[in-house]
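Taking it in order: structure first as structure tokens, then the write-up.
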Amino acid sequence: MTNDSMQVSAGILIVGLGGNNGVTLLAGQIANRDNLSWETAASGRVSANWYGCLTQIPPRGIHGGVGFRGRVPGLADAAVAVVGGWDIRPTPLGRALYDCRVLEPDLVRQVREEMDGLEIMEGVWNPSFIGESQHETATHVVSGEDDLSTRTRLERIRRDIRSWKGKNNVDGHITVIWSASVERPSEAEYDSTDDLLSAIYDDSNHDDISPSMLYCCAAALEGCSFVNGGSQNTLSSAMTCLFDESYRKPDVPPSSILSKFAPYSSSRAYCLGTDYKAGQTKFKTAAVEYLRALGLSPRVIASSNHLGNNDMLNLTTKKTLDAKMRVKSDIFGSWQEKDLDHKVCVMYCPYIGDEKRDFVEYTSLGFLSSPHTMVTYTRCMDSILCVPLMVDAAIWCDYFVKHCVSAGDAARATAYLFKVPEGEAKGVDPGFFNQMKELEDVLKKTVSKINSCDILALGVSKGIITEEQAAALHGLTQNT
């Protein structure tokens, strides 16, 4: 969707735009932008809303509660965000929405024609990184001279970002979101960002550099944030450092490997992940947080989930399943519950489609080691759970960049979005409510700095301080 208004619009670039998450996000944005309503079998006629998107809904209740629209000044309106992206399949987006059967037919009918007219950029891919089930349909891929090496693939992605930004007049911050199929883990390890960039620049197709790593690097070099919504090991210390403005300084010496990628952006950007904590895992962290708050000792968590979408089909290959199980099994890591037996089973059931169904049994020890058992069962379209997290990730990145929030604070504030917070968020408490407190704390600090800037501006207007003094004081606030 293009930006034809005068309002500053955030940019959202989705890797895997034609997947269930991408087309559901686009349909939801059009529905909210145009205030659409449609018929449903269960609830009659309903109207568009942003339920689940914490940045887009107002607080509810006398104590405020969750919801930041109107409470935090300056949050971008997702309805006017500019959305685009890449896919390795050429299926028109309206057709993809129809095929995935996530949304009601009456809504699909209203948005399909517009979505079919939207551009899908060719995707960079490497067949060794995804399941064999995905190979036959991967016909919309970067080829020719752009596909000769990792360096040429990286430069193609960078050109795509610049071209898309100019064509759509994007004037806000851009966030690149990985929503494509889960990749197998990359075996490439780099001691430094220089080593990572050197491997890309000198590549002769020997390094095990995944497509997600290339999209992540391209985002950093173009001053965009990157969100790893998949389970693969895209994030590393070398990758995180690339997003640090102190590394991407504009005046690096010609001998630096970074200079070989000039021109590049030195703008603030964030690297966030890993794997959206959307359904079963989000409730698990809240449930175990509850059990621990009662003073119980969790001993067994046995869980299963099954669905039949393309993401789960991709996981029928062991190499990609291993990446998913890595993050699903590690969600309680920093709590160090050494006696906890946590089992996870995922199953591909084509008939179920996108409707994720999960069952979890929690067994804990209570007073005098008496057993305490509870069970949860959840059904919801997987994309309905994931899309709000994609929206919020992009809107938070835009907000935090505008207000010069540090990479560490941004990562901690958004840790609630991910199964395993990595990068700058590594080690954040896995409890959902503790993670929401991290967000609140960062927002309070940010709003306080904004207020101090307003006071400085007032001081200048009243002649109390000079503009130079105000700038010096503002610099102090950014370093505290």
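Overview of results
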quantity	calculated
Under the span-like rule (Cα at least 30 Å along the axis, Kyte-Doolittle mean at least -1.0), DSSP H helices of the chain	382-402, 432-461
Across Lys343/Lys437; Lys284/Lys437; Lys277/Lys356; Lys282/Lys426; Lys277/Lys324; Lys282/Lys356, pairs whose alpha-carbon gap is larger than 21 Å	Lys343/Lys437
Proximal lysines relative to Lys462, as straight alpha-carbon distance under 21 Å, when same-chain residues fewer than 8 apart are discounted	Lys449
Formal net charge of residues neighbouring Asp339 (Cβ-Cβ distance under 15 Å; K, R +1; D, E -1)	+2
Solvent-accessible area per residue, Å², over the range 201-275 with all protein chains present [probe radius 1.4 Å]	34 Å²
Candidate lysines for bridging to Lys444, where Cα separation is under 17 Å - those fewer than 8 sequence places away on the same chain excluded	Lys402
Sequence-distant aspartates and glutamates (8 or more away, or on other chains) whose Cα lies within less than 19 Å of Lys165	Asp4, Asp77, Asp87, Glu119, Glu122, Glu155, Glu222, Asp398
Mean residue ellipticity (222 nm) of the chain, computed from DSSP H runs ≥ 4 via -39,500 (n - 2.57), nearest 500	-11500 deg cm²/dmol
Per residue solvent-accessible surface (Å²) - the range 1-138, probe of 1.4 Å	46 Å²
Compactness index (Cα Rg / 2.2 N^0.38 Å), the range 240-394	1.40
Kirkwood Rh (inverse of mean 1/r, distinct Cα pairs), the range 413-454, angstrom	11.0 Å
Kirkwood Rh and Cα Rg combined as Rg over Rh, evaluated for the chain	0.97
Equivalent ellipsoid semi-axes, the range 179-261, via Cα gyration tensor eigenvalues times 5, rooted, Å	22, 15, 10
Distant alpha-carbon pairs in the range 175-214 (separation over 14 angstrom), percent	52 percent
List Leu93, Leu148, Leu473, ordered by accessible area with a 1.4 Å probe, largest first	Leu148, Leu473, Leu93
Asp202 versus Asn169: modelled label distance in nm, points set 7 Å from Cα along the beta carbon direction	4.6 nm
Where Asp354, Asp251 fall by accessible area, highest first, once all protein chains stay in place (1.4 Å)	Asp251, Asp354
Chain lengthening between Met347 and Asp251 when straightened (0.36 nm per residue, less Cα-Cα)	29.4 nm
3J(HN,Hα) from dihedral phi, the range 298-315, Karplus parametrisation 6.51/-1.76/1.60, rounded to Hz, x for glycine, proline	x, 10, 9, 10, 10, 9, 9, 9, 9, 7, x, 7, 5, 4, 6, 4, 4, 7
Share of carbon and sulfur in the accessible heavy-atom surface of the chain [1.4 Å probe, %]	53 percent
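The values are calculated or read from the model by the stated rules, or taken from the named source; none is laboratory data. This structure is a prediction, so every number in the text was calculated from the model and none was measured. Heads up, the Cβs are rebuilt from the backbone with ideal geometry, glycines too, and the neighbour counts pull from every protein chain shown. Please note that ligands, DNA and RNA were not included when accessible areas were found on the heavy atoms of the full protein model with its side chains. Shrake-Rupley method; radii C 1.70, N 1.55, O 1.52, S 1.80 Å.
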